Every structure is written in structure tokens, then in C-alpha cells.
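Below is one structure; the comments refer to it alone.
Where a number appears in this text, it was derived from the coordinates with a stated rule and is not lab data. All values derive from a computational prediction rather than experimental measurement. Glycine gets a Cβ as well: all are built from the backbone with ideal geometry, and neighbour counts include every protein chain shown.
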Amino acid sequence: DTAVSQTPKYLVTQMGNDKSIKCEQNLGHDTMYWYKQDSKKFLKIMFSYNNKELIINETVPNRFSPKSPDKAHLNLHINSLELGDSAVYFCASSLGGNAGELFFGEGSRLTVL
Amino acid sequence: GQSLEQPSEVTAVEGAIVQINCTYQTSGFYGLSWYQQHDGGAPTFLSYNALDGLEETGRFSSFLSRSDSYGYLLLQELQMKDSASYFCAVFTGGGNKLTFGTGTQLKVEL
């Protein structure tokens, strides 16, 4: 019973392509997040959604478009991939506004060639 | 914006006690969290301090001083499996955001 699941786990693609990462949580949480972790392990918040509404958008290029069809799902679509987009993308969720305790998915490692 | 400082690396021997410090500068502070991440794995929640003082959970304890903008994670009876990266993170209002520090790589040796 995976609490926060992401697919795919690994993604290798060419520059200029478009790709999506899906995330689902079965914890009944109402807030979901996307974080990006670079090669130096720096974890940076990208977006958060509360009950399908965008709450945080951290100056992410508009090539990145999150979409939350319902409060259990938060997907990330990336257009025109660049080399610098290579990273591990983590989805996370929290209950209510308590972002202090996040439950993370296993991560999706994106490699752009 | 927010800034957090923690040591980049700490090495300790099995059975010892280690303290990982974190200082932060932020506005709209709600609390300080700690996460553990093994190589190739996901960050996992360890503790959250909203009030000053020490919180103990098994071998791990976390401390917060709001007036000093400082906290630490204390790991006792170190085990090899504790080798991992440890991140402090500040929870701030204005969107309920968790901002992570750069992480401390803990290496536990025999």
C-alpha cells in the first residue's frame, strides 16, 4: 500500500521533448507538492496545490505545468526539455496546512540528453 | 526569502552521539522540521518543532530555540543504518511552504 506513488520512476529523453510525471496519494491529504532535487541534493519546492487549487508557484519556468484533477492527484508536465531539467522530481503530500510534515513519493529521476 | 545553514558533512563512530545544527533566517516562521534521506531514496519525516524545547522520539531528538533562530537534531546510539543525509527545513506561512536546507551528509563508521 504505497502512500504517495509516482510514475515513471526513471525517465530518459532528448532535449526538446515533452514529458509528464504522475503522482497519486492515498492518504486522504488535501495538499500536494512538487519538489526538484538537483545533483547536489538541494531540494527546492516548485508547486503546491490545496484541494486542486494552486497555492505556491516558485518562479518555475512556464515550461513546467502542474495539473491537479482531484485532491489525490498532482501531475507535472514539462515542455521543451532542457539539459538543466535533469534532476529527481519528488511529489509529496500533507494533511491540511501542515507542510511541516510531508510524505514523499519515491521520486522520478529525469535525465535529459 | 529564507536561508538555512547546516554543516555539509559529519562523521561519527557507531554507538556515539552526534548533533547536527541548523540556523535559519526567515519571515513568517511556523516551525522547524527534520528529514532523513538515504542515497537513492525519498526524504522521510523525522520531527517537527513549533515550540522552543526538546522533542524526543526514540534515538532521535530535535531542539528549537525560536529566539536564536536555531535548532539541532541529536542522534544517539548511532548505527550504520543512520548513514544518510539529514535536512532541516523551515515551515513558513504565506502558502504553507517548507523550505529545505542544503543537507548534512552523516557518515557512521565502525
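The orientation-averaged shadow of the Cα convex hull for chain B, equal to a quarter of the hull surface, comes to 6.5 nm².
Treating each Cα of chain A as one equal point scatterer and applying the Debye formula with no solvent, the log10 of I(q)/I(0) at q = 0.10, 0.19 Å⁻¹ comes out as -0.25, -0.93.
Which pairs in the list A:22/A:44; A:71/B:81; A:67/B:107; A:36/B:81; A:41/A:67; A:9/A:52 are over 27 Å apart, alpha-carbon to alpha-carbon? Pairs exceeding 27 Å: A:71/B:81; A:67/B:107. Counting beta carbons within 10 Å around each of B:38, A:73 and listing the fewest first gives the order B:38, A:73. The GluC sites (Glu not before Pro) of region B:1-104 that meet both conditions, a loop assignment by DSSP and at most 14 other Cβ atoms within 10 Å of the site Cβ, are B:14, B:77.
Simple rule: put +1 on each Lys or Arg Cβ and -1 on each Asp or Glu Cβ in the protein assembly as shown, find the dipole, and look at A:33, B:91, B:50; the Cα lying farthest toward the positive end is A:33. The smallest convex shape that holds all Cα atoms of the protein assembly as shown, its convex hull, gives 121 Å³ per residue.
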